[in-house]
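Participant: Take this structure, written in structure tokens, and hold onto it; I'll ask about it next.
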Amino acid sequence: MPHLALYTFGVLKSPLADPAPLTREFYDIGEAVYRKISQHPGYLARAEAADGDRGGLFEADWGAWGEFAVPTWYGKGHTPQTTALSATLSLWTDLRHAFDAIYTGLHREALNRRYDWFERTGHPNYVVWWVSDGVIPAWRDGVSRLEHLHEHGSARHAFTFHDSFAPDGTPSRIKGIGPKSDQVRCADPSISDPAPHTTQAPQSTPEGFTEPTTKLGG
């Protein structure tokens with residue numbers, strides 16, 4: 001059975017290494033959110049660095065999730081001292097559970113304060129797509145799909161909660177998930193929702209969008 005991949009990306013106002021209280025608060029809240037989300041129904045796994053070093057995203061060993069990558073619009077630092085971004089890559093059983101995890105509880109509370117930490121970039125902050133059972137998505141795959149979403153809008157290989165597709169590629173709508181209920185914009189590991197897109201991309205999968213071959217547990 002296919003699983004749902006979720007990639008989120010946001011540009012922070014300050015580097016991750018900033019010792020200011022606001023940055024420390026961001027870490028503390030983020031850790032609490034991650035603990036809660038990892039227990040949420042439908043959650044399967046997320047990319048985690050082997051060393052867990054704060055700020056060392058580009059140098060970290062991400063294992064089967066591949067080399068860390070960022071969208072073309074990220075223009076800040078790449079070193080542990082200058083990196084100013086937050087990104088996540090995770091796997092879920094379905095759209096409903098992923099949506100509920102983001103828009104309820106501690107995560108929803110964090111959404112309400114997103115602009116304390118994140119810049120308004122005018123770009124989408126998350127993208128979702130289906131992968132085959134057992135496949136682990138790569139960072140670069142998430143980035144390419146987010147960039148495609150920004151350029152072309154939702155399509156079956158790169159879409160949003162309120163403009164979604166079923167695993168077979170047909171447009172889908174889940175009760176409670178739609179333009180009127182999906183109004184929060186943000187940018188963070190699990191704190192995310194993009195600006196609306198109205199342009200529909202062609203439904204054929206474009207060249208370059210090949211499914212990764214790495215398998216869970218293998």
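Participant: Return yes or no: is PHE58 touching a helix residue (DSSP H, G or I) at 6+ places or on another chain (Cβ under 7 Å), of a type in the set (Phe, Trp, Tyr) and assigned to a loop (DSSP other than H, G, I, E, B)?
Facilitator: The answer is no for PHE58.
Participant: Moving to a separate point now. Select from segment 99-114 the residues that are surrounded by 14 or more Cβ atoms within 10 Å (Cβ to Cβ) and part of a loop (DSSP other than H, G, I, E, B) and list them in ascending order.
Facilitator: TYR103, ARG113
Participant: I've got another one for you. When SER144 is evaluated against the numbered criteria (1) surrounded by 20 or more Cβ atoms within 10 Å (Cβ to Cβ); (2) outside any helix (DSSP H, G or I), which criterion, by number, is the only one it fails?
Facilitator: Checking SER144 against (1) surrounded by 20 or more Cβ atoms within 10 Å (Cβ to Cβ); (2) outside any helix (DSSP H, G or I), the one that fails is (2).
Participant: Considering only residues that are open to solvent by 50 Å² or more (accessible area, probe 1.4 Å) and hydrophobic (A, V, I, L, M, F, W, C), which ones fall in segment 33-50?
Facilitator: Passing the criteria: LEU44, ALA50.
Participant: Ok, one more. Filter segment 1-28 for residues that are open to solvent by less than 50 Å² (accessible area, probe 1.4 Å) and part of a helix (DSSP H, G or I); which is farthest from TRP117 (Cα to Cα)?
Facilitator: So the residue we want is TYR27.
Participant: Further, regarding this structure: Taking segment 28-57 as the region of interest, how many residues are of a type outside the set (Gly, Ala, Ser) and farther than 21 Å from LEU6 by Cβ?
Facilitator: Residues that pass the stated criteria total 4.
Participant: Scan segment 115-126 for residues that are within 21 Å of ASP163 (Cβ to Cβ), in contact with a Gly (Cβ under 9 Å, 6 or more places away or on another chain) and either surrounded by fewer than 24 Cβ atoms within 10 Å (Cβ to Cβ) or without any contact (Cβ under 8 Å) to a residue 60 or more places away in the chain (or both) and jot them down.
Facilitator: Scanning segment 115-126 gives a single hit, THR121.
Participant: Take ASP61 and tell me if it is open to solvent by 40 Å² or more (accessible area, probe 1.4 Å), free of Cβ contacts under 8 Å to residues at least 12 places away in the same chain and on the phi < 0 side of the Ramachandran plot.
Facilitator: No, not satisfied.
The values are calculated or read from the model by the stated rules, or taken from the named source; none is laboratory data. Remember, predicted model here, so these are calculated numbers, not experimental data. Positions of Cβ are generated from backbone atoms using ideal geometry, with glycine treated the same way; all protein chains shown enter the neighbour counts. Note: accessible area is taken over every heavy atom of the protein model, side chains too, but ligands, DNA and RNA are not part of it. Shrake-Rupley method; radii C 1.70, N 1.55, O 1.52, S 1.80 Å.
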